[in-house]
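Trainee: Supplied in structure tokens, the structure appears directly below.
None of the figures in this text is laboratory data; all of them are computed from the coordinates on show. Only a predicted model underlies this, so the values are computations on that prediction, with no experimental measurement involved. Every residue, glycine as well, gets a Cβ built from its backbone with ideal geometry; the counts of neighbours run over all protein chains shown.
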Amino acid sequence: MDATRARALLDEELAGLAESTPGPGAVTDGDRSGEGMDFGDSGSRTAELMDHDLAAGTLRGRRERLRAALDRLDRGEYGRCAECGREIDDERLEARPETDRCRDHPEPDRQLPGPVER
């Protein structure tokens, strides 16, 4: 894949993430807190906060991988497998422009992100 196409894909992905990033006020402790919250409400609230933290962490991780891909592009290393050094096929890069692995070398297991600091 040529560098111009790769940069366009990576920039497009980053722009899409910026639009889907939950804002800092998307879920706040003040939404339904206070007296009168029963056990069920508290459990629902906890689940909402956990979902929000997971989504924010997932987006943050994807954003970091896209920026790392842009760095590899700037260094002239984009499109090469980090494991074997072979060229990553264009079809894979079109589907996952941030990848640094060929089809023969799966992505390493990623740990679930921790909670987002407030």
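Trainee: Can you list residues from other chains, or at least 5 along the same chain, whose modelled amide H is less than 5 Å from the amide H of Arg80?
Mentor: Amide H neighbours of Arg80, under 5 Å, 5+ apart: Ile88.
Trainee: Evaluate E = 1/(1 + (r/R0)^6) for Glu107 and Glu48, where r is the Cβ-Cβ distance and R0 equals 35 Å; express this FRET efficiency to the nearest 0.05.
Mentor: On the way: r = 29 Å, r/R0 = 0.83.
Efficiency, rounded to the nearest 0.05: 0.75.
Trainee: Between Asp41 and Ala15, 0.36 nm times their residue separation minus their Cα-Cα distance comes to what? Working shown, then result.
Mentor: Values: separation 26, 0.36 × 26 = 9.36 nm, distance 3.54 nm.
Gain in length upon complete extension: 5.8 nm.
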